Structure formats: C-alpha cells, structure tokens
Amino acid sequence: MTPFIKLTAVAAPLLADNIDTDAIIPSREMKSTGRTGLADGLFAPWRYVEGRVPNPEFVLNQPEYAGAQVIAGGANFGCGSSREHAVWALAEYGVRCVIAPGFAPIFAANCIRNGLLPVVLPREAVESIAGREVHIDLAAQTLTCSDDTYAFPIEAEAKVMLLEGLDAIDLTLKSRPAIAAWTDADRAARPWIYL
Amino acid sequence: MSRTLADKIWDAHVTTTTSAGADLVAIDRVFLHERTGASALKSIAAARRPVVDPHRVFAVMDHIVDTRPGRGDQTLMQGGQAFITETRAAALAAGITLFDVTDPDQGITHVISPELGIVLPGCTLVAPDSHTCTQGALGALAWGIGSSEAEHAMATGVLRLPRPKTMLVRFEGALGVGVTAKDMALALLGAHGAGGGAGHVVEFAGSAVEALDIEARMTLCNMATEFAAMAAIIAPDAKTFAYLAGRRYAPASFDAPYWQELRSDEGATFDREIVIDAAAIAPMITWGTSPEHAIPIDAMVPQGPQRAHDYIGLAAGTRIAGTPIDVAFIGSCTNARLSDLRRAAALVKGHHVAPSIKKALVVPGSGAVKRAAEAEGLDKVFEAAGFEWRESGCSLCFFAGGESFPAGSRSISSTNRNFEGRQGPGIRTHIASPEVVVASAIAGAIADPRLLSVEEPA
C-alpha cells in the first residue's frame, strides 16, 4: 500500500450530499472480478453523456480539476453499497484524499485499506476549501488552505496504517498467538460456532 | 457495569487490543457473494494465504445470477458469467461452503443465512455486502465490509476495528393497519436522514419492534445501512429462538442461560437515543434519489435538492399518490421473504396489474421461499394478476447491465435504494413496502394500499 504522508493539491468541488457508490462506480462498470480497470468508470453517470462523451459540466472534465488528487464532497460521502471498487476506482484515477462532513462507514474503512485518506471537516470548512489548493499533513492531522488551518480527526490505528503503508493482514498475523489462545478458549465456551 | 447488547458481543469477541487502541475482533462467520466475494477469494489465493477456518466461510451466487426460469451460468450482465465461474472455482479451491446457482438453498445472502441458521444470536458475522446489517435481526453483530476486509477476516479470523458507538432507536406503540417494518425504516430515514446513524451500532427496541415477527425485524434492520449505521441489532427473544430451532447450522438447543443474557442491561447507556411513535407512521414512499427522501404516501413532495427533483421528474408540492408508474418489483434482501410474498399475494388476489404497467415482477428471496410460496399457490395468485414469477436472486434491485427499461421509466420497488441509475440509466425508482408496490401496480400509479379492496375469504 502506498503510504500517505503529505499532499498538496487542488480540492475538486463535488459538494452534493449522499454521493453514493452507484454514482462513484455503477455496478455495470465493474467489468471483472479484479481490482483494476475501474478508473474509466469513475463517476460514469455524471462524467459522460450519451455515447460516453465527456460531460463538460462535470467537475473532473474541467481542465483545472482533471486528474484531481483531492475531492471535496458532501455529507455521507460513499453511502450505499460496500463495493470496494468505488475506492479502487478513485485510487486508480489518482485520488488520494476525500474531504467531507462525513463518510459512510464501509467506504471510510475501504479508503484506509487502500491508502486513501478520508478527512472529516465541518461543512462550512469543506465549502470554503472546495476548488482551492490544500496542503494536508497526516502526521500533524492538519489541512491548510491559504491562511486557514483545520485539524481533522482520524483513528490512531488508521493513521499508523496510512503513514506507514502497512498491510493490515501481515500486521494482524503477528498477533496470531493471542488470537489462537482466544479461539481455544472460545471453542470450549461456544462449541456451536465451530462447524 | 450495565452494558448494551452490542458492547456485550463486542467484548466477548476481543481477542487482543493493539497499541494504537484498535480491537482485534474475532469473526465467527464470513459470507461472500459472487459480486464482491470473488475478488476477496482471488486476492487471498494470490497472496498464498490459507483461509483460517473454511468451515465458517460461506458463499452464494445472488447478485448477478439470472432469475429467469431454467437459468444457468449465463447472465444478462455483460461479462457477468466470469463472476459466477471465478467465484465457483475460488470457493472450491478455498474449501468453503458454496451455495451454487442450482443449489436448492441458493438465494440472497441475507435471506439464506438466517434460513439455514448460519447467523446466530451473539455471533459476529461479516460479508462484503452493505446489507449484512439485516442479520442483526437475529441478535447477531452483523455488518458489511469491503473485499479487503473480507480477505483479512478469512486470513486471520479477526478484523482490526475501533469500538463503534451505540444508538438506541425505540419504536413505541402499535403500527396501524397496512403499515409495516419497511415503513418504520423509511420513517426513521425521513426524520433523521441518510447519515443519521453514522458510525453507530443501532439497537432497535420498543413495543412495536417486539411485536414484529422475525422476518419483519430483518426488513427493519436491512435498511440500517441506508442510515449510515455500522450495524443494526435486535435483542433475541423467544420468537428468535423458535425461528432458529432445527435449522441446519444452528445448535440443537437455545435453553442455556447464555442465550437469555443476550440483551442490553437495565440502565445501559447509549451514545444516542431516538424514540419514534409507531402509531403515527403511515405507509411510506420515497419521492427522490436518497432513501431519506421518504414521505407518507398521502403527502406532497417537499422541496429537496433540485438535482433530485430534476432526476425524478416531480416538483415540490406535487401529490405523490397518483404518479403513473411503468414497472413494479417485489424482491430483494429487504422484502422477498415468505411473509412479504404472503401479504402481497393477499392484496393482489382478485385484482390485475394495470394495462399501462410494462413489467411486474416477483422474485423470491431464496429457493426455500420460492418452494414454500408455490406450495401455498402464491405463484399462481401473482401470475393470475399479471406478475412474472422468477427464480431467486437480487434481480431488479439494481442494474448490472441486465434487464432494464428506457431512461425516464418509473419503477416502484420493494428494495432499499432509489439512487440515480440504481435500476438502470435514467430509471426513476420509488421504494416502498410490498403492499404499496401491489396497490400501485394495480392502480398503474402510486397508490395507498389502505384504499385497496381486499377479496373476502370464501
């Protein structure tokens, strides 16, 4: 996983609330069981008009936001399906960070697993930085835009995973003895769980 | 110290806590489907990591499998067959239990897991599917995850997680005639928003929840993901244990004190509490493109985001009842269980779908639901009324490049999402109970089921 440490980029404004995974990557754009080949379908319903012609009104089709690494979104960003393809599509397109007043929980967890930083800021802050250059420092948990600096929250564990680009499975396997001890005790307590 | 049910299950599953404060939470059951599960199985195989305990991992074909009679691996979705064949191969290689396309127990993940007793009170169950929260209706901590997390759970037996917050939603009082668990969920979303439960495990309680049968509780919990909740849960009671008794993967007995202690303690505190008057809930319908755009069926469309009005083609101030529809769908993990089909069939009997309806479809949630419905003759009731009767699967709940309709077509659906393009490009979806779908199919326009004449029993 690519570590996330610092990033300076323009935040493409996509401020509607409840941007769902069907909008981020529609089911029909998930063409294989793999995790790649998805960037072309990113935001397909909004990005293209009939015949897959780029819609000039869509933010990522505007020259100043093309290839955006940061998106400023609305509340409950990433709601809907659990499909990790939404995050894979964003990451493959080049997005490293989404800033929003709130995220759907599965989407936020998927972001962390793929080196993409979900930044939660109050709505007024998101609206004020949308379309502007931001500087994000994960270690300091700050986002700076012109003279304004905002602190953002992140779970301690998620922060470490992102900063160090850790593989969660490898990390967890280091705790194998503790997990095995727990499982042995549980097997006696709840035998019906162990089929 | 008093604890909530969610806290009790969480505490009982913490194997160890990391230095950064995350819990490594034991996962009792993993459920996969062909749409997102194949990717997790492929990744774990590519990394040469074995599945820790394959007997506790299950997979099923539900999302893009064809639902037309006589189906096989062919699917209407372009390139869809690869999801089915690759999931089958990967499941066999991993040694996990697979309910394949032609298996008599095949069906929608969240319908068959309770049916087979795979989900149990007090257990943790995850699946790369957002509606896994449905299964919290059995008193389990069940939640949706991504494919990477599914791989993690299979490879390690645990997930790394911060402890979630808890919320209590109490529905007090008795539901009115023609009002269902679906309407409870939509009323909650309408009042508290699609982000209202973000990051919380929501426990549903109160007299109206206790009065629901197990299948209705699943409908209520199903839509917790539309509320941005991590999971939903309902304390198991005598109905829960009676429902599970004798099911294939369930224990022989639920008599031990263990099962009775699976409830929030008296005085347990939640991070948030909401109380809703169940008696004040009417049959609900969505007018827009988020499940929070839910209103009573006799109400006017309120002013919402302009984009939603433009997409759905309804201006603020329009009376929603009477809006003509093109498609009617009864199915999905929300409302395709036997009780849903029984109630819908009772309403449709003696009526016929309006001639203006282009397609009316009933898709049972599982093979078992289909067989039970056919044994009662429900298939014949639906067919006589002009509905198609299908094999089980997710079907028209969403559009995977398969069956669809011209842009602008209006669909009334017993499903859970009314997003832009959810059922196909430009399709306008209204979500509601099966009762509202039936009444609307008969009228050819959005209609209140309370106004429908019901055939008296002979």
Rounded to one decimal in nm, the spacing of the 7 Å Cα→Cβ label points at A:D170 and B:A316 is 5.4
Filtering GluC sites (Glu not before Pro) in the stretch A:21-61 by DSSP loop and by at most 16 other Cβ atoms within 10 Å leaves A:E50, A:E57
Going through A:K159/B:K165; B:K8/B:K165; A:K6/A:K159; B:K8/B:K182 one by one, the pairs whose alpha carbons sit over 22 Å apart turn out to be B:K8/B:K182
Filtered hits (lysines, Cα-Cα < 21 Å from B:K42, offset >= 8 within chain) -> A:K31
Length gained if A:A180 through A:D40 is fully extended, taking 0.36 nm per residue and subtracting the Cα-Cα distance, is 46.1 nm
The Kirkwood hydrodynamic radius of chain A, taken as the inverse of the mean 1/r over all distinct Cα pairs, in Å, comes to 18.0
Once both label points are put 7 Å beyond Cα along the C-beta direction, the A:R123-B:A252 separation in nm becomes 5.8
Here FRET efficiency (C-beta to C-beta, B:E210 to A:Y48, R₀ 41 Å, nearest 0.05) is 0.25
Sorted by chain and number, the residues with a modelled amide H under 5 Å from that of B:E273, at a separation of 5 or more or across chains, are B:L168
Given unit charges at Cβ for Lys, Arg (+) and Asp, Glu (-), the dipole magnitude of the protein assembly as shown about its Cα centre in debye, nearest 20, is 860
Shielding of A:96-104 by other chains, given as the mean Cβ count within 10 Å, works out to 2
By the Cα gyration tensor axes a ≥ b ≥ c (a/c under 1.5 gives rounded; else a/b larger than b/c gives prolate, otherwise oblate), the shape of the stretch A:50-134 is oblate
In the stretch A:96-195, the trypsin sites (Lys or Arg not before Pro) that sit in a DSSP loop and have at most 12 other Cβ atoms within 10 Å of their own Cβ are A:K174
Ordering A:S128, A:S27 by the accessible surface of their heavy atoms, 1.4 Å probe, largest first, yields A:S128, A:S27
A chain fully extended from B:Q303 to B:M1 at 0.36 nm per residue, minus the present Cα-Cα distance, gains in nm 104.1 nm
Taking R0 as 30 Å and r as the Cβ-Cβ distance between A:R132 and B:A407, the FRET efficiency 1/(1 + (r/R0)^6), rounded to the nearest 0.05, comes to 0.25
Checked the stretch B:407-446 with the C-alpha gyration tensor, a ≥ b ≥ c its square-rooted eigenvalues, rounded below a/c of 1.5, otherwise prolate if a/b is larger than b/c and oblate if not; verdict oblate
Taking a ≥ b ≥ c as the square roots of the eigenvalues of the Cα gyration tensor, with a/c under 1.5 meaning rounded and otherwise prolate when a/b exceeds b/c and oblate if not, the stretch A:1-114 is rounded
One finds, for B:E266 and A:L7 with R0 = 51 angstrom and r their Cβ-Cβ distance, a FRET efficiency to the nearest 0.05 of 0.55
Label model pair A:A16, B:R163: point-to-point distance (7 angstrom along the Cα→beta-carbon line) in nm is 3.9
For B:K358, counting only lysines whose alpha-carbon sits under 21 Å away and dropping same-chain residues fewer than eight positions off, the answer is B:K349, B:K380
Scaled by the rule-of-thumb 2.2 N^0.38 Å, the alpha carbon Rg for the stretch A:39-100 gives a ratio of 1.11
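The values are calculated or read from the model by the stated rules, or taken from the named source; none is laboratory data. Please read these numbers as outputs of a predicted model, since none were measured by experiment. When we count neighbours, we look across all protein chains shown, and the Cβ atoms used for this are built from the backbone with ideal geometry, even at glycine. These accessible areas exclude ligands, DNA and RNA; they are computed on the full protein's heavy atoms, side chains included. Shrake-Rupley method; radii C 1.70, N 1.55, O 1.52, S 1.80 Å.
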